[in-house]
There are 4 protein chains.
Amino acid sequence: MIIKAGIVGATGYAGQALVDILLHHPQVRISGLYSTTDEPRPFAQVCPRFAGLVPLSVKKFAVKDLIASADVAFLALPHTASMSVVPALLKAGKRVIDLSADYRLKDSKTYARAYGLAHRDKQNIARSVYGLPELYRQKIGKARLVANPGCYPTGAILGLAPLAAIHGKDILCVYIDAKSGASGAGKKAVQEMLFTEVDEDFRAYKVNTHQHLPEIAQELSHLAGRKQKPVFVPHLLPLKSGILETIYVKMRAPRAMTTQSVIALYKKFYQREPFVRIREKGQFPALKDVAGSNFCDIGLQADGDDIIVIVALDNLIKGAAGQAVQNLNIMFGFPETTALV
Amino acid sequence: MIIKAGIVGATGYAGQALVDILLHHPQVRISGLYSTTDEPRPFAQVCPRFAGLVPLSVKKFAVKDLIASADVAFLALPHTASMSVVPALLKAGKRVIDLSADYRLKDSKTYARAYGLAHRDKQNIARSVYGLPELYRQKIGKARLVANPGCYPTGAILGLAPLAAIHGKDILCVYIDAKSGASGAGKKAVQEMLFTEVDEDFRAYKVNTHQHLPEIAQELSHLAGRKQKPVFVPHLLPLKSGILETIYVKMRAPRAMTTQSVIALYKKFYQREPFVRIREKGQFPALKDVAGSNFCDIGLQADGDDIIVIVALDNLIKGAAGQAVQNLNIMFGFPETTALV
Amino acid sequence: MIIKAGIVGATGYAGQALVDILLHHPQVRISGLYSTTDEPRPFAQVCPRFAGLVPLSVKKFAVKDLIASADVAFLALPHTASMSVVPALLKAGKRVIDLSADYRLKDSKTYARAYGLAHRDKQNIARSVYGLPELYRQKIGKARLVANPGCYPTGAILGLAPLAAIHGKDILCVYIDAKSGASGAGKKAVQEMLFTEVDEDFRAYKVNTHQHLPEIAQELSHLAGRKQKPVFVPHLLPLKSGILETIYVKMRAPRAMTTQSVIALYKKFYQREPFVRIREKGQFPALKDVAGSNFCDIGLQADGDDIIVIVALDNLIKGAAGQAVQNLNIMFGFPETTALV
Amino acid sequence: MIIKAGIVGATGYAGQALVDILLHHPQVRISGLYSTTDEPRPFAQVCPRFAGLVPLSVKKFAVKDLIASADVAFLALPHTASMSVVPALLKAGKRVIDLSADYRLKDSKTYARAYGLAHRDKQNIARSVYGLPELYRQKIGKARLVANPGCYPTGAILGLAPLAAIHGKDILCVYIDAKSGASGAGKKAVQEMLFTEVDEDFRAYKVNTHQHLPEIAQELSHLAGRKQKPVFVPHLLPLKSGILETIYVKMRAPRAMTTQSVIALYKKFYQREPFVRIREKGQFPALKDVAGSNFCDIGLQADGDDIIVIVALDNLIKGAAGQAVQNLNIMFGFPETTALV
């Protein structure tokens, strides 16, 4: 079986990463590449690294064209853009993997607060599945619409899920200190993302107000069975891609754990997961360990009633395009690691 | 009055920064440059950026030579090296500004644990003054031996001092997530600090076990009047210099403060400080704001009972050479900002 | 004597570098800062690293305001913007140091070709002096209008001047392979200068068509006394500032020189220059040797009839703001190195 | 058919790149990983990015062990190390792909001059084939010992081969200005390759004395049918991997070509090559176009009698590991692009 896949937003960083991965997928043929271009242009001319590899042109996105040519649509769009095309795609019987934020938050009021405008497709929110395979593999298998998780939430949720699920009632507070490479900001020309403004610099931004925080809170609360509101401070790293999150968890004192017991807990929780790697005691992941791969690596340390969790992933792969293909593999019954290792 | 200054460890990164600053100091003449070189070599040959600016040679360090030529000694040495020469320098009546860690910890047992060997000059620990002008200006003015603070502690202590001093009894827990540029590791050739190993990477190291932690704990405990043991995780940034520390403080709930009240507290605490700048609400420092300068910039935000403190400084300047010259200015009665703005 | 200086384009990279240098100039007071801002804003709010150092606001540029408040105007403007204000400034008796390209080319047709539009102030081209002190010190001293050289031309001309002046008739061909940091492109938000597009990349641009080429050709031809048309290929380095140019010169065979004789020629030519440093045989300059300084460093090697010249300078300092202040020092009779070492 | 491959020097940068590529090769099984380690260690512990992917241990290299387990040996060793093991490997009937410089130079005296010591296996020099498939595909197919080209020579030779082969007698002079990322220097801990010494810097090194120059000269002379001695200046870029070479060729005047005719010449010369991509007029390759790929991209421009050739490749892939696997594919009759696109 060969699946025809259309990629909307193909010239962005996540879009290019999708092209890269799907080129190596034996069961997928890229049937269309779309962007905001006015005239069709050879994709390899816009993105010269694909010269000789991708003969397609990138065209101005039109939902009809996508419906006519693809079985599954990857939407690598800015948030708020997806919800205007998803209804038509679903109606036409297409499967949709949405890399935007539009269907991640189950509560449309929370969405409105986080993204600054009312949701325009509330009915499909309920039908969508949050595309974190480690938590929702069964539902993803049956989904028509997968809301691919945000890059920061992928790390934060995978880094906290075992604790939240097993010891959620003993978590007193959670601080997530997150650092991301610049590709997370996309390809739009803004002064603060110029090379000269990012190179040799490091800065926090959206201090405890980032739009990914409600997504993290939603999933942690769901896992813990009670409201979780972590503190979340993202920072901008002077490098291209990669997210490292250092998470501090204060546990109710009598439930203090040893580093060994925390590691054992995580290893058990993720024992069947192909893309989560738990480090041994005293070992912590670096960004270069996950660069270009779909792995999420986790290191752990307990000191008294404090637990330190360090999570690393590639924001464009496990945090976007790789996870999207992992979801496609689950949706279509392909081996989950196809094209990803 | 012209002071003659000798710099030991002059070819290292902090040593070169000292040369740079002292070249612009109207009351100081560099009288000697010392390193581990066997043969004397023109300093400008070892460090070509000083060609045409520094006619001196760098010589193999000999304490006698230093005593014969200098009024004040800057020791930019690895820890444990300073304590073998400080007694002789003090005995000869010299003032000493020690950039190593040897005289920072008041408890020699803590020193032994942190640095892995017994202190060999315990009697001078008591005579030394911790060289953080914002806390110890009076004592520095009379000191013969100043223990110049570590780079991470300078940021962490300045970032927490107002809270610790005024609300110390209401601090429940403190997490210091610290990020430093590579110059903090010095100039020694080790594989993990190669360009290829640091570039495009980001990693935590010495997770809650870094030797600067006892120094931070000592000063915070002193300020708060009770034992403080923050969690401290340093990380390595792919850039040359700069430290940014994001600090999370959980306050006893009824003492929750607003962002405005926290900012007011800090502004008052540092109102006469020439090198501490407090940001307005919603503004946070970036490394590039302090690059090459002796400033320590602090941004603040309160969310419920959580306070987020973001501190930025240049590890080679306010975290080392600049602070050392600030201490020299205080010790010799020069205007404190001389050669530093 | 205190000179009042106005800086137009103060928030750009060259403008900020000017502020930085002039803050340390004992004979200059910054009287006004101008940009394209609509409302006046505290300069230290736009550029936080100047907090506590510069109390001025930056205002929307108006030539009247500048005339009313300044003795000398630094124009750190895009090319074509300067020529619309220079006539008024000169008429009002002001001295002008123009960092744009508008008055560098003596032939207005060449200007039109290089910059794509006709020159609108031809009469002042003749009155302007090309502000390379190493070649035109006398004229700069008497000039009302100094055309501050481009960053690439500063390096190329200083790197070739001794050869062109002394052996110009024996130069067969010249290839200038130039590499610049990203600050040379300014602060305008364009996609190709995003961090993600420049980091870990290296590329040539404007291959032998760069607008600085006629400027280089003009000065080399003048020095050699006959038309010179070097090949010039600029490249973009993934770093903030610095220019390194590797220049290949083929000499008429019988005039082959040794490395030692070439070095001797250059040392003699630049023997009284405070900001040109010639390296010894086998030593070549690196960008870090000149970072942040007004020096231009030159290394030389002769192999048969080929001469290799390697030139390094900081594009924002010797290639822009530093050279501008060097010109100011000459124009007003201050020691030439004031505020520059 | 499954080939068993042993990799010597597996933990170096080229070695890791080989592991990466061979993991995706359907006809190759990695049978052994070797380094200088004393005790065997899990490869994924030494190189954590391979955790979950490579279950092998890396062992101290012993030629017997390699002979017993592998059909083909990749030697990713420092030069001079290969020639001490190649004779035994060949005698045992193994195929050898040597990534060191030991068998690239056909003249052992040239080798001695370039590498500073006498060759110890002269008889196998004659049996070796220079592993540049674009020039020696037929011979590689039958070779027992392939000398994998150096990274700089791969770019320089591919960039000049069409000109040298077709118009060699009209080439007057050639200047190769080469720039390489830091991985070219390997993983050895040396001070000048520290992050702090390379970041934000750019420098030339081994100016016209680099050991790759004789390799370039040998192949160009062979192509042109007469002695070629280009000038070659390598530089160090502050990035991980990638080589860009800007090559200036002066042609005998009457043979001046247009840009279009040069591009046509190159396209024809490389028309059947799967890994050489010629750019259209006005387009030049950037390092990011070839990062991580086995492509060598070439852009061309003619201006009068000057031809400018810009070549980009990834030094670890087309410049080392990728080309080595391309050679393996040719040697064993696999499709040449297997595991490489």
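The values are calculated or read from the model by the stated rules, or taken from the named source; none is laboratory data. Please read all numbers here as calculations on a predicted model, not as lab measurements. Please note: Cβ atoms are built from the backbone with ideal geometry, for glycine as well, and neighbour counts cover all protein chains shown. Only protein heavy atoms, including side chains, enter the accessible area calculation; ligands, DNA and RNA are left aside. Shrake-Rupley method; radii C 1.70, N 1.55, O 1.52, S 1.80 Å.
In segment C:273-289, how many residues are in a loop (DSSP other than H, G, I, E, B), within 30 Å of C:V325 (Cβ to Cβ) and within 13 Å of chain D (Cβ to nearest Cβ)? Of the residues in that region, 4 qualify.
If the requirement is being on the phi > 0 side of the Ramachandran plot and either in the same structural domain as B:G12 (by TED's automatic domain parsing) or more than 22 Å from the chain's Cα centre (by Cα) (or both), which of these qualifies: B:G225, B:G292?
B:G225
Pairing residues of segment A:106-129 that are over 16 Å from A:V86 (Cβ atoms) with residues that are open to solvent by 20 Å² or more (accessible area, probe 1.4 Å) and in a helix (DSSP H, G or I), at Cβ distances under 8 Å and at least 6 apart in sequence or on separate chains, gives A:D107/A:Q218; A:T110/A:P214; A:T110/A:Q218; A:R113/A:P214; A:A114/A:P214. Restricting attention to segment A:208-229, the residues that are within 14 Å of chain B (Cβ to nearest Cβ), surrounded by fewer than 22 Cβ atoms within 10 Å (Cβ to Cβ) and within 26 Å of A:M193 (Cβ to Cβ) total 3.
Here D:V276, D:V341, D:V290 are screened, and the one residue that is open to solvent by 10 Å² or more (accessible area, probe 1.4 Å) and under 22 Å from A:S293 (Cβ atoms) is D:V341. The criterion of at least 1 residues that are modelled with pLDDT of 95 or more and within 30 Å of C:Y205 (Cα to Cα) is met, among helices (runs of 4 or more DSSP H) falling completely within segment C:41-158, by C:108-115, C:122-127, C:133-142. Taken over segment D:13-30, residues that are open to solvent by 20 Å² or more (accessible area, probe 1.4 Å) and either in a strand (DSSP E or B) or of a type in the set (G, A, S) (or both) amount to 3. Would you check which residues across segment C:156-181 are more than 10 Å from every other protein chain (Cβ to nearest Cβ) and open to solvent by 40 Å² or more (accessible area, probe 1.4 Å) and list them? C:A165, C:I166, C:K169, listed by residue number. Remark: pairs (first residue in segment A:328-341, aromatic (F, W, Y); second residue in a loop (DSSP other than H, G, I, E, B); Cβ separation under 9 Å; 6+ apart in sequence or on different chains) = A:F332/A:M1; A:F332/A:Q27; A:F332/A:D71; A:F334/A:M1; A:F334/A:H25; A:F334/A:P26; A:F334/A:Q27. Considering each residue of segment C:73-81 in turn, none proves to be free of Cβ contacts under 8 Å to residues at least 24 places away in the same chain, more than 30 Å from C:I278 (Cβ to Cβ) and open to solvent by 60 Å² or more (accessible area, probe 1.4 Å).
Residue selection: C:A320 satisfies the criterion of being more than 8 Å from every other protein chain (Cβ to nearest Cβ), surrounded by 24 or more Cβ atoms within 10 Å (Cβ to Cβ), closer than 24 Å to C:L18 by Cα and of a type outside the set (D, E, K, R).
Of all the residues in segment D:302-317, those that are more than 9 Å from chain C (Cβ to nearest Cβ), part of a strand (DSSP E or B) and in contact with a strand residue (DSSP E or B) (Cβ under 7 Å, 6 or more places away or on another chain) number 4. Within segment D:134-152, is even one residue open to solvent by less than 10 Å² (accessible area, probe 1.4 Å) and within 14 Å of chain C (Cβ to nearest Cβ)? For segment D:134-152, residues open to solvent by less than 10 Å² (accessible area, probe 1.4 Å) and within 14 Å of chain C (Cβ to nearest Cβ): absent. In segment C:142-162, the residues that are among the basic types (K, R) form Cβ pairs under 7 Å with partners that are open to solvent by 10 Å² or more (accessible area, probe 1.4 Å), at six or more places apart or across chains, as follows: C:R144/C:L90; C:R144/C:R95; C:R144/C:R127.
Per-residue answers, yes or no, for (1) assigned to a helix (DSSP H, G or I); (2) more than 10 Å from every other protein chain (Cβ to nearest Cβ); (3) of a type in the set (F, W, Y):
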{"position": "D:S241", "(1), (2), (3)": "no, no, no"}
{"position": "D:Y248", "(1), (2), (3)": "no, no, yes"}
{"position": "D:S261", "(1), (2), (3)": "yes, yes, no"}
{"position": "D:A264", "(1), (2), (3)": "yes, yes, no"}
{"position": "D:Q271", "(1), (2), (3)": "no, yes, no"}
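Take C:G299 and tell me if it is buried (at least 24 other Cβ atoms within 10 Å of the Cβ), without any contact (Cβ under 8 Å) to a residue 24 or more places away in the chain and at the interface with chain D (Cβ under 9 Å from one of its Cβ atoms). Yes: the conditions hold for C:G299. Restricting to segment B:250-259, count the residues that are part of a loop (DSSP other than H, G, I, E, B) and either crowded, with 16+ Cβ neighbours inside 10 Å or hydroxyl-bearing (S, T, Y) (or both). Number of matching residues: 2. Of all residues in segment B:1-56, those that are of a type in the set (F, W, Y) and under 18 Å from B:P78 (Cβ atoms) total 2.
Among the residues of segment C:36-72, those identified as open to solvent by less than 20 Å² (accessible area, probe 1.4 Å) and either more than 24 Å from C:A143 (Cα to Cα) or basic (K, R) (or both) are C:F43, C:C47, C:F50, C:V54, C:V58. If only residues of segment A:182-206 that are in contact with a Pro (Cβ under 8 Å, 6 or more places away or on another chain), within 7 Å of another protein chain (Cβ to nearest Cβ) and in a loop (DSSP other than H, G, I, E, B) are counted, the one that is most open to solvent (accessible area, probe 1.4 Å) is A:E200.
Is there a residue being basic (K, R), under 27 Å from B:G242 (Cα atoms) and without any contact (Cβ under 8 Å) to a residue 60 or more places away in the chain anywhere in segment A:196-210? Checked segment A:196-210: at least one residue is basic (K, R), under 27 Å from B:G242 (Cα atoms) and without any contact (Cβ under 8 Å) to a residue 60 or more places away in the chain.
Scanning segment C:306-318 for residues that are over 20 Å from C:K139 (Cβ atoms) and touching a residue at least 60 places away in the same chain (Cβ under 8 Å) returns C:I307, C:I308, C:V309, C:I310, C:V311, C:A312, C:L313, C:D314, C:N315, C:L316, C:I317. All of C:V8, C:V86, C:V58, C:V28 fail the test of being under 20 Å from C:G319 (Cβ atoms) and β-branched (V, I, T), apart from C:V8.
Apart from one condition, A:G292 fits all of (1) within 11 Å of chain B (Cβ to nearest Cβ); (2) within 23 Å of A:A253 (Cβ to Cβ); (3) out of contact with any Cys (no Cβ under 8 Å at 6 or more places or on another chain); the exception is (2).
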